[in-house]
Every structure is written in C-alpha cells, then in structure tokens.
C-alpha cells in the first residue's frame with residue numbers, strides 16, 4: 001500500500017516545483033551560491049515524457065502517460081523512484097527529482113537526482129495489468145535508464161515486485177553476456193532477485209536514526225514519547241513499528257481512507273497488518289474515528305508526515321501540537337508551513353535528511369549488485385546508522401553556525417558539495 005492522503009481544506013496547495021525552487025533560492029541566497037550554478041540547478045537536465053499503449057485484461061488497449069525527469073548527474077548516476085499515482089504530473093516529478101539531487105548530496109553518496117512516474121491509480125488494475133504497464137513503460141524508457149546512467153527505485157504506488165518486472169524487462173533487451181551485469185539497473189528489488197537486506201524498512205529506519213540523534217541533542221527520552229503519523233504505507237508503518245520498540249506511543253494515524261486516534265496508543269504492528277489486508281487505516285479496532293482537523297490538532301511529541309507533498313500548510317501548520325516534525329514524505333511542508341513552524345518554535349527535520357535512509361540503502365544495494373555481494377542486515381543497519389548520524393551532525397552544525405533552519409542548512413550542505421564539483425570540473429564546453 002502506498003503512502004497517500006488527501007490535502008486538508010479548500011485552498012489550492014503550492015505547486016511542487018515552485019516550492020522546490022523557493023527552497024533552492026533561499027539556500028542559494030544564504031550561502032551566496034554561484035549564479036551560473038544556481039541557474040543550472042534550477043531546471044532538470046532532461047525531461048522525458050512517453051505515451052504508450054497497454055492491453056487490458058478484457059482485450060482493450062489503454063494509453064498511459066509516463067515521465068522520467070533527470071535533474072542532475074554531476075555527482076554520479078541519476079537516482080530516484082518511480083511513482084504510480086493518479087495525480088502524477090510534470091511539475092511534481094521535476095520537484096521530486098530536484099529533491100533527490102539534494103538528498104544524495106546531503107548523504108554524500110555518489111548519485112544525482114531523478115524521478116519518474118505514470119499517471120494512473122494502480123489500485124484500479126489487476127496484477128497482470130500492472131505487470132504489462134510496468135514492462136511497457138520500461139521498454140519506452142529504453143536506454144534512458146541503466147545501472148551506470150539512471151537507476152530507478154520504488155516510490156508511492158510501486159514496490160519490490162514492480163522493480164523486479166522493470167529489471168527483468170531491461171535485462172531482456174541487454175546482450176546475453178551482460179544480462180547479469182545490469183542487475184543494478186533498479187534498486188528496491190526483492191531479496192531473491194538481487195535486493196538488499198533492510199531495504200524495505202530503510203526509509204523508516206533512517207528516519208528513526210534521525211529521531212534518535214535529535215532526542216540525544218535535546219536530552220529527550222523516546223521511552224514514553226507520543227507521536228502521530230500521516231500515511232501508513234512503507235515509510236510511516238516502519239517508522240511507527242521501530243519507534244514502538246523504543247517505548248514510544250503511536251496516538252494518531254491518518255491516510256487516504258481516514259484518521260484514527262487513541263490516547264492509550266495504537267498497536268503499530270497490528271495496524272500495519274490491518275492496512276496490508278484492508279488497504280487503509282479505516283475500520284481498525286481500538287482507535288476512535290476523527291476528522292482531518294482533529295488529526296492535525298492531536299497533542300503529541302513528534303509528528304511524522306509520511307504521505308504526499310503539501311500537507312503542512314498555512315491552514316494545517318497552526319493546528320499542530322507537537323515539539324518536532326520529521327518529514328518521512330518528500331515535500332510535505334510548503335513554504336508557508338515552514339515559516340509558521342519556525343515562528344511557533346516547532347523544530348523540523350527536513351525530507352532531504354530525515355527520509356534519506358531509502359536512497360542510502362539503495363546505494364548499498366547497487367554496490368552489492370556491482371560486487372556480486374550480499375550483506376547481512378546487521379551490516380546494512382550499521383552502515384546506514386553511521387551515515388545518518390554523520391549527515392545529521394553536519395546539518396545541525398551548519399544550522400547552528402549560520403543560525404538558520406535545518407532545511408536551509410541541509411540545502412547549504414548539499415549545494416556546497418555540488419558547487420565545489422562544478423568549479424573543479426568546469427562547465428562544458
């Protein structure tokens with residue numbers, strides 16, 4: 001099940017690309033980013049749009065529109081997920097690709113940023129239709145992806161099975177003597193097809209590592225802490241289950257099917273099982289049904305938006321009653337939301353840091369494929385912990401030294417690394 005939810009209220013949310021551009025501009029001004037490099041980074045290098053027919057189970061052929069946006073590859077191959085969602089559009093994918101560039105640079109891994117998607121609701125199609133849609137999309141992308149060029153991964157509406165179909169399709173138009181050498185064309189695969197231990201929980205695990213570092217810095221005990229989660233798919237559910245092991249209590253959850261709350265705490269493991277079986281949190285026993293305003297107003301220590309973009313806005317940010325926000329989703333807080341949280345003294349750990357565990361373990365998977373290795377879960381978790389702790393410490397140091405918010409600090413860190421590489425290599429020709 002994907003991490004999705006509806007935007008609260010009637011106000012039209014900020015365009016995702018406009019929001020990503022505003023975040024870039026703020027950090028560029030703070031650090032004095034070279035104007036030419038700023039201009040280069042303000043738009044993606046490549047925008048690929050494909051339209052392709054797919055045969056349905058009843059014999060009809062339906063046209064689908066797919067996107068692959070390659071934002072920047074100065075630091076390494078393009079890297080980013082593929083999203084299946086009925087609201088996928090060009091500006092959204094452009095923003096997501098840019099955020100991937102910053103995220104990889106924050107984590108200091110040798111990837112650039114990309115993102116892809118198909119505009120449709122996967123819940124309305126059979127497994128056989130989803131396989132044909134995925135394979136046809138992969139064929140349409142052709143050599144625009146590759147293990148040394150552009151490496152997709154799962155995102156909203158896609159999973160390990162989707163990635164295995166994509167990999168198999170790509171391998172089947174690769175020469176026989178190189179088939180197994182291109183296994184790393186995607187990450188987030190199943191373990192049996194070349195995936196990595198710990199990849200499924202990686203984004204949620206990385207987020208909890210950030211929560212742990214924040215708690216240490218603020219002398220805050222996670223044992224007995226309360227938290228609310230928006231979106232209970234892969235990211236939200238794993239974050240909740242891992243936090244529960246710290247003794248933290250899940251008090252409210254919202255997804256596209258509704259919202260529930262319990263002052264006594266919701267069982268994260270049982271809720272994850274319920275969502276997997278029923279498609280959403282609606283109807284889960286043990287929690288009271290609440291509306292969206294009540295969900296955002298829930299008293300808690302930690303708030304984890306793990307759904308879609310533009311959820312914490314001028315309308316919802318004033319409702320939050322928490323100490324800190326950890327962005328499990330990409331772009332869940334718009335510019336107004338950021339400003340209001342700062343004014344209210346609610347600390348925010350941004351997406352390009354807080355949810356970077358997924359791309360980091362994807363990097364580990366890519367390395368394992370290239371080396372024909374298989375790492376243990378303990379090794380994966382240990383490496384992820386080391387990298388998340390380092391990234392957190394770097395961002396917080398920049399924030400303190402420059403007296404800026406954490407999001408801008410993360411961008412300054414990313415942009416400084418990218419700017420350095422551009423100046424070392426020069427701008428061709």
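Might you let me know whether the stretch 355-367 holds any residue that is more than 18 Å from residue 78 (Cα to Cα) and part of a helix (DSSP H, G or I)?
Within the stretch 355-367, not a single residue is more than 18 Å from residue 78 (Cα to Cα) and part of a helix (DSSP H, G or I).
Of all residues in the stretch 229-251, how many are surrounded by 19 or more Cβ atoms within 10 Å (Cβ to Cβ) and not in a helix (DSSP H, G or I)?
Final tally of qualifying residues: 9.
Residue-wise test of (1) farther than 23 Å from residue 361 by Cβ; (2) touching a strand residue (DSSP E or B) at 6+ places or on another chain (Cβ under 7 Å).
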| position | (1), (2) |
| --- | --- |
| 47 | yes, yes |
| 52 | yes, yes |
| 60 | yes, no |
| 63 | yes, yes |
| 70 | no, yes |
| 75 | no, no |
| 78 | no, yes |
| 83 | no, yes |
| 86 | yes, yes |
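Considering the stretch 286-299 alone, what residues qualify as being at pLDDT 95 or above, closer than 20 Å to residue 233 by Cβ and part of a loop (DSSP other than H, G, I, E, B)?
If the condition is that a residue be at pLDDT 95 or above, closer than 20 Å to residue 233 by Cβ and part of a loop (DSSP other than H, G, I, E, B), then 298 is the only one that fits.
Is one or more of the residues making up the stretch 302-322 over 18 Å from the mean Cα position of the chain (by Cα), within 29 Å of residue 383 (Cβ to Cβ) and either buried (at least 23 other Cβ atoms within 10 Å of the Cβ) or in contact (Cβ under 8 Å) with a residue 60 or more places away in the chain (or both)? Talk me through it step by step, then tell me what you get.
Taking the stretch 302-322 as the starting set, the residues that turn out to be over 18 Å from the mean Cα position of the chain (by Cα) are 302, 313-322.
Add one more test, that the residue is within 29 Å of residue 383 (Cβ to Cβ), and what stays is 302.
Of the ones still in play, those that are also either buried (at least 23 other Cβ atoms within 10 Å of the Cβ) or in contact (Cβ under 8 Å) with a residue 60 or more places away in the chain (or both) are 302.
Yes: the stretch 302-322 contains one or more residues that are over 18 Å from the mean Cα position of the chain (by Cα), within 29 Å of residue 383 (Cβ to Cβ) and either buried (at least 23 other Cβ atoms within 10 Å of the Cβ) or in contact (Cβ under 8 Å) with a residue 60 or more places away in the chain (or both).
Residue 180 versus (1) under 26 Å from residue 296 (Cα atoms); (2) modelled with pLDDT under 95: which is the lone unmet condition?
Failed condition: (1).
Here is a yes/no grid of residues against (1) under 25 Å from the mean Cα position of the chain (by Cα); (2) outside any loop (DSSP other than H, G, I, E, B); (3) touching a residue at least 60 places away in the same chain (Cβ under 8 Å):
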residue	(1), (2), (3)
169	yes, yes, no
178	no, yes, no
181	no, yes, no
200	yes, no, no
205	yes, yes, yes
208	yes, yes, no
222	yes, no, no
227	yes, yes, yes
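So which residues in the stretch 352-380 are more than 16 Å from residue 153 (Cβ to Cβ) and either without any contact (Cβ under 8 Å) to a residue 60 or more places away in the chain or more than 18 Å from the chain's Cα centre (by Cα) (or both)?
Of everything in the stretch 352-380, those that are more than 16 Å from residue 153 (Cβ to Cβ) and either without any contact (Cβ under 8 Å) to a residue 60 or more places away in the chain or more than 18 Å from the chain's Cα centre (by Cα) (or both) turn out to be 371, 372, 373, 374, 375, 376, 377, 378, 379.
For residue 65, indicate whether it is out of contact with any helix residue (DSSP H, G or I) (no Cβ under 9 Å at 6 or more places or on another chain), part of a strand (DSSP E or B) and under 29 Å from residue 200 (Cβ atoms).
On the way: out of contact with any helix residue (DSSP H, G or I) (no Cβ under 9 Å at 6 or more places or on another chain): yes; part of a strand (DSSP E or B): yes; under 29 Å from residue 200 (Cβ atoms): yes.
Considered against the rule, which asks whether it is out of contact with any helix residue (DSSP H, G or I) (no Cβ under 9 Å at 6 or more places or on another chain), part of a strand (DSSP E or B) and under 29 Å from residue 200 (Cβ atoms), residue 65 comes out as yes.
Which numbered condition in (1) closer than 25 Å to residue 42 by Cα; (2) out of contact with any helix residue (DSSP H, G or I) (no Cβ under 7 Å at 6 or more places or on another chain); (3) not in a helix (DSSP H, G or I) is the only one that residue 97 fails?
Against the list (1) closer than 25 Å to residue 42 by Cα; (2) out of contact with any helix residue (DSSP H, G or I) (no Cβ under 7 Å at 6 or more places or on another chain); (3) not in a helix (DSSP H, G or I), residue 97 comes up short only on (3).
Has the stretch 265-285 got any residue that is surrounded by fewer than 19 Cβ atoms within 10 Å (Cβ to Cβ), more than 23 Å from the chain's Cα centre (by Cα) and part of a strand (DSSP E or B)?
Yes, the stretch 265-285 contains at least one residue that is surrounded by fewer than 19 Cβ atoms within 10 Å (Cβ to Cβ), more than 23 Å from the chain's Cα centre (by Cα) and part of a strand (DSSP E or B).
The values are calculated or read from the model by the stated rules, or taken from the named source; none is laboratory data. What you are looking at is a predicted structure, and each value in this text was computed from that prediction instead of being measured. Here the Cβ is made from the backbone with ideal geometry for all residues, glycine too, and neighbour counts use every protein chain on show.
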